[in-house]
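Each remark here refers to the structure printed beneath this line.
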Amino acid sequence: MHISIQEGRSLPDLRQCTTCCKVFHCPFCASNEFHPAKLGKVQTHLESHFKRAVLHEGYTIHRCALNCRPGFHFHCFYCQSMLTRKPNFIKHLALWKAKPSAITPIIPDPSIPIIPVPSIPIIPDPSIPIIPVPSIPIIPDPSIPIIPVPSIPIIPDPSIPIIPVPSIPIIPDSSIPIIPVPSIPIIPDPAISIIPGGKMQRVRVKPVLKKENVPYAMFS
Ligand SMILES: [Zn+2]
Ligand SMILES: [Zn+2]
Ligand SMILES: [Zn+2]
Ligand SMILES: [Zn+2]
């Protein structure tokens with residue numbers, strides 16, 4: 001309900017201004033329409049508001065001069081309409097009153113779209129645990145065989161040579177001299193002939209006898 005619609009002859013609390021001045025403002029007029037003044041002057045001004053007001057359903061609808069829209073106007077008791085001419089405003093209220101839906105004055109104007117308030121975020125209640133829907137069971141499909149993933153084989157890759165760790169060098173110990181043991185001489189054993197094995201092809205060497213030079217008498 002707009003501030004210009006007051007029950008009976010009630011008025012909003014008149015308080016001394018602490019922001020722009022130190023006097024009183026008219027609750028239905030902007031400062032440019034009614035200049036703030038002392039309480040007595042404001043009360044006299046409010047009497048003129050009552051004279052111009054529209055009485056409806058026990059409410060006093062004051063002529064508004066706030067910055068809702070330019071000029072003096074009346075705020076509808078039922079909808080968000082603002083009407084400037086008093087006869088038109090009274091007709092407007094009568095039309096609303098004739099409607100069966102006008103019993104409850106808190107009916108939104110169908111011309112004004114209902115915009116959801118973005119200040120109320122949909123935050124889940126932490127006291128309510130989020131239980132997964134049991135309608136979807138986590139049963140493995142028997143048509144899909146469960147094969148272990150062969151991506152990590154424990155077989156050494158032949159392309160990667162097993163190189164010994166270079167940090168451990170295979171250098172002979174210098175404290176141990178590589179001198180052949182003198183007790184075992186490396187003298188070839190005459191009993192063991194260094195003749196190649198039987199695999200070698202035997203070559204017959206014919207003895208060359210020179211018949212001409214050697215007389216037979218020597219053999220007789
Ligand atoms: Zn002021
Ligand atoms: Zn006023
Ligand atoms: Zn207004
Ligand atoms: Zn209306």
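The values are calculated or read from the model by the stated rules, or taken from the named source; none is laboratory data. What you are looking at is a predicted structure, and each value in this text was computed from that prediction instead of being measured. Neighbour counts run over all protein chains shown; Cβ positions are idealised from the backbone, glycine included.
Scan the range 39-55 for residues that are within 16 Å of ligand 3 (Cβ to nearest atom) and more than 21 Å from Cys17 (Cα to Cα) and the total you get is 3. Within the range 17-38, being assigned to a loop (DSSP other than H, G, I, E, B) and within 16 Å of ligand 3 (Cβ to nearest atom) holds for His25, Cys26, Pro27, Phe28, Ala30, Ser31, Asn32, Glu33, Phe34. Residues that are in contact with a Phe, Trp or Tyr (Cβ under 9 Å, 6 or more places away or on another chain) and surrounded by fewer than 12 Cβ atoms within 10 Å (Cβ to Cβ) within the range 5-37 comprise Glu7, Gly8, Arg9, Pro12, Arg15, listed in sequence order.
Taken together, the criteria place Asn88 among residues that are exposed (fewer than 13 other Cβ atoms within 10 Å of the Cβ) and more than 11 Å from ligand 3 (Cβ to nearest atom).
Going by the conditions given, is His73 at pLDDT 95 or above and within 16 Å of ligand 3 (Cβ to nearest atom)? Yes; evaluated as a whole, the condition is true for this residue. Scanning the range 43-50 for residues that are more than 15 Å from ligand 2 (Cβ to nearest atom) and without any contact (Cβ under 8 Å) to a residue 12 or more places away in the chain turns up nothing. Would you mention how many residues in the range 79-93 are of a type in the set (A, V, I, L, M) and in a helix (DSSP H, G or I)? Of the residues in the range 79-93, 2 are of a type in the set (A, V, I, L, M) and in a helix (DSSP H, G or I).
Residues in the range 47-72 that are out of contact with any Ser or Thr (no Cβ under 7 Å at 6 or more places or on another chain) and either within 16 Å of ligand 1 (Cβ to nearest atom) or assigned to a loop (DSSP other than H, G, I, E, B) (or both): Glu57, Gly58, Arg63, Ala65, Leu66, Asn67, Cys68, Arg69, Pro70.
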